[in-house]
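Have a look at the structure below, then the notes.
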Amino acid sequence: MAFKSGFAALIGRTNVGKSTLLNALLNEKVAITSDKPQTTRNTIQGILTGEDYQVIFIDTPGIHKPKHKLSEFMIESVKKTLAEVDLIIYMVEPDVEVGPGDKYIIDHLINIETPVILVINKIDTVSHETVDMSIQIFKQLYNFKDILPISALKNMNIDLLKHTIVSYIPEGPQYFPSDYITDRPEKFLVSEIIREKILNYLEDEVPHGVYVEVDSMKAREDKDILDIEAFIYCEKESHKAIIIGKNGQMLRRIGSSARIELESLFGQKIYLDLWVKVRKGWRDNVSILRNFGYVIDKN
């Protein structure tokens, strides 16, 4: 049997569970998850390899109308991704009305020749009747190649989804070694884990004005310890105070939670040193965004 390989994009409104699905498909954590919208900023490549196939998943930011420069670059990243992949996986929730956000996405899909499958997530939270109703509604909006109800969190129908995805992938070479699950560097994964803890512990507006940059990762020569120094950038002095917390308690909570997960990831002791700095209006500053790696050149 010929080897199959290709790229599949995960798209959908914010907070529909795209990152959770990516982690479920790979049986590994490569994308951060949170109950807050717009968790994913960069497209993240997750790599699923079988005996005769390799699928590279692109976890895109949730599509929404942009509010600032950072949002604009996030949406441009999605558009560029959709033009280059072999399959689009469009995720929705069964108990949410089809609103402007979904119509905004479908409008972008109409002129795309790439096959699109609809994945209805979180079916463990609603009745079968609700799922069936959702299927009928979306059938009227777009000619999806396949429609699959799943629960990424409960691992329901994930194997069926894998099989369906692979069926749409063309023949091609193996792009990455079999043991690769992501092409992202270690510093990126570390920064995402720290940012996830900030999202989980703090209120809505503060986390999305936050960027984490890992400055250094060095293994000690005399001990099995990995020293990591990272900077948490926020937009306001008031946000800095919230992140640090009274007597540094919040920053310690964030650091402790991140350290535990990082020790599991690297399989060794971690010394995590976190610093908080203010960069006012960084989400609207093109030069800062370019430095952070968010800006994509428009062709």
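The values are calculated or read from the model by the stated rules, or taken from the named source; none is laboratory data. None of these values were measured; they are calculated from a predicted model. All Cβ positions, even for glycine, are placed from backbone atoms using ideal geometry, and neighbour counts span all protein chains on display.
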**OP:** Could you run through segment 126-144 and say how many residues are exposed (fewer than 14 other Cβ atoms within 10 Å of the Cβ) and not in a helix (DSSP H, G or I)?
**Re:** 2
Original post:
Among (1) modelled with pLDDT of 90 or more; (2) farther than 30 Å from Leu48 by Cα; (3) surrounded by 14 or more Cβ atoms within 10 Å (Cβ to Cβ), where does Trp275 come up short?
Top reply: (3)
Original post:
Quick check: is even one residue across segment 232-244 within 25 Å of Val92 (Cα to Cα), crowded, with 19+ Cβ neighbours inside 10 Å, of a type in the set (A, V, I, L, M, F, W, C) and under 20 Å from the mean Cα position of the chain (by Cα)?
Top reply: no
**OP:** Taking the options Glu171, Glu196, Glu192, name whichever one is in contact (Cβ under 8 Å) with a residue 40 or more places away in the chain and touching a Ser or Thr at 6+ places or on another chain (Cβ under 7 Å).
**Re:** Glu196
Original post:
Quick one: in segment 79-88, which of the residues that are within 16 Å of the chain's Cα centre (by Cα) and either at pLDDT 80 or above or closer than 24 Å to Pro149 by Cβ (or both) is surrounded by the most Cβ atoms within 10 Å (Cβ to Cβ)?
Top reply: Ile88
Original post:
modelled with pLDDT of 95 or more and under 30 Å from Pro94 (Cβ atoms), is that true of Ile181?
Top reply: no
**OP:** Sort out which residues of segment 89-124 are modelled with pLDDT of 95 or more and of a type in the set (S, T, N, Q), and write them in order of number.
**Re:** Asn121
Original post:
Would you call Ser127 touching a Lys or Arg at 6+ places or on another chain (Cβ under 9 Å), of a type in the set (Ser, Thr, Tyr) and either within 19 Å of Val16 (Cα to Cα) or without any contact (Cβ under 8 Å) to a residue 24 or more places away in the chain (or both)?
Top reply: no
Original post:
If you take the residues in segment 91-125 that are under 21 Å from the mean Cα position of the chain (by Cα), in a helix (DSSP H, G or I) and of a type outside the set (A, V, I, L, M, F, W, C), which one is nearest to Leu25 (Cα to Cα)?
Top reply: Asp102
Subject >> Qualifying residue in segment 155-168 (condition: of a type outside the set (A, V, I, L, M, F, W, C) and at pLDDT below 95) >> reply: yes
Original post:
Restricting the search to segment 151-164, which residues are touching a Gly at 6+ places or on another chain (Cβ under 9 Å) and under 28 Å from Asn111 (Cα atoms)?
Top reply: Lys162
Subject >> Unmet requirement for Ile112, which otherwise passes all of (1) surrounded by 15 or more Cβ atoms within 10 Å (Cβ to Cβ); (2) out of contact with any Pro (no Cβ under 6 Å at 6 or more places or on another chain); (3) among the β-branched types (Val, Ile, Thr) >> reply: (1)
Subject >> Enumeration of residues in segment 146-158 that are surrounded by 14 or more Cβ atoms within 10 Å (Cβ to Cβ) and not in a helix (DSSP H, G or I) >> reply: Asp146, Ile147, Leu148, Pro149, Ile150, Ser151, Ala152, Leu153, Met156, Asn157
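Here's the yes/no breakdown for (1) closer than 20 Å to Leu153 by Cβ; (2) at pLDDT 80 or above; (3) in a loop (DSSP other than H, G, I, E, B); (4) not assigned by TED's automatic domain parsing to the domain that holds Val98:
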| site | (1), (2), (3), (4) |
| --- | --- |
| Leu21 | yes, yes, no, no |
| Glu28 | yes, no, yes, no |
| Ala31 | yes, no, yes, no |
| Thr40 | yes, no, yes, no |
| Ile47 | no, yes, no, no |
| Val55 | no, yes, no, no |
